[in-house]
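Single-structure report; data block below.
All of the numbers you see were taken from the coordinates with simple rules; none came from a lab. This one's a predicted model, so the numbers in the text were calculated from it and none came from an experiment. Here the Cβ positions follow ideal geometry from the backbone for every residue, glycine too, while neighbour counts run over all protein chains shown.
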Amino acid sequence: MTSRRAFLSTAWLLAAGVVRTAGAAHKFHASFTTIEFNPESGSLEISLRVFSDDLENALSRKARRRIELDRAPEAAEMVSAYVRERLKLRRASGEPLRLAWVGMEQRVDMTWVYVEASAPDGPGGIEALVTVFFELFRDQKNNVSSKDERGKRHDILFRPSDSGFKPLIPAA
């Protein structure tokens, strides 16, 4: 009887912990963008990884109604518009690069968004501005990772207090 009571108590505590963990929001606010140059297509292939609940919150706020990525038939269209608004690329001259929608996929609590931009000369001379979820969180951080022609990785960090575009590849 005592072991059964101990087992049930332990099982209840574990279940309560799982429920609490599953319902709790994550403790940090970040997005991760990877920009890869494809020399064959002359394009920048961009993947943006975000927490799904943050993306749903941003879309819901914009739409002024609850948006669930796996239930809203217009989710891909809404995500595409949001990403084009919040992830900007341009040449150093100021000429914007047009982002073309490739698609998105959800994995557990993360959403991957894929877009591309024509850049026949590669990532050199390209600047980025990533303001994903800045309207939601003051502690949001957006990391952008890209590689130069030699394959060396470069990271940029965007915070809500930042202003303006930053070069993908720092000047030599």
Loop-only trypsin sites (Lys or Arg not before Pro) in region 53-91, please: DSSP not H, G, I, E or B, and at most 12 other Cβ atoms within 10 Å. Arg64, Arg65, Arg66, Arg71
Relative to a virtual label point 7 Å from the Cα of Phe32 in the Cα→beta-carbon direction, which members of region 111-148 show backbone nitrogen distances below 16 Å? 111-114, 141-147
By per-residue mean of other Cβ atoms within 10 Å, what is the highest-first order of 48-56, 142-150? 48-56, 142-150
Among Ile169, Phe134, Leu97, which residue has its Cα positioned farthest towards the positive end of the charge dipole of region 64-172, with +1 placed on the Cβ of Lys and Arg, -1 on the Cβ of Asp and Glu, and the dipole taken about the Cα centre? Phe134
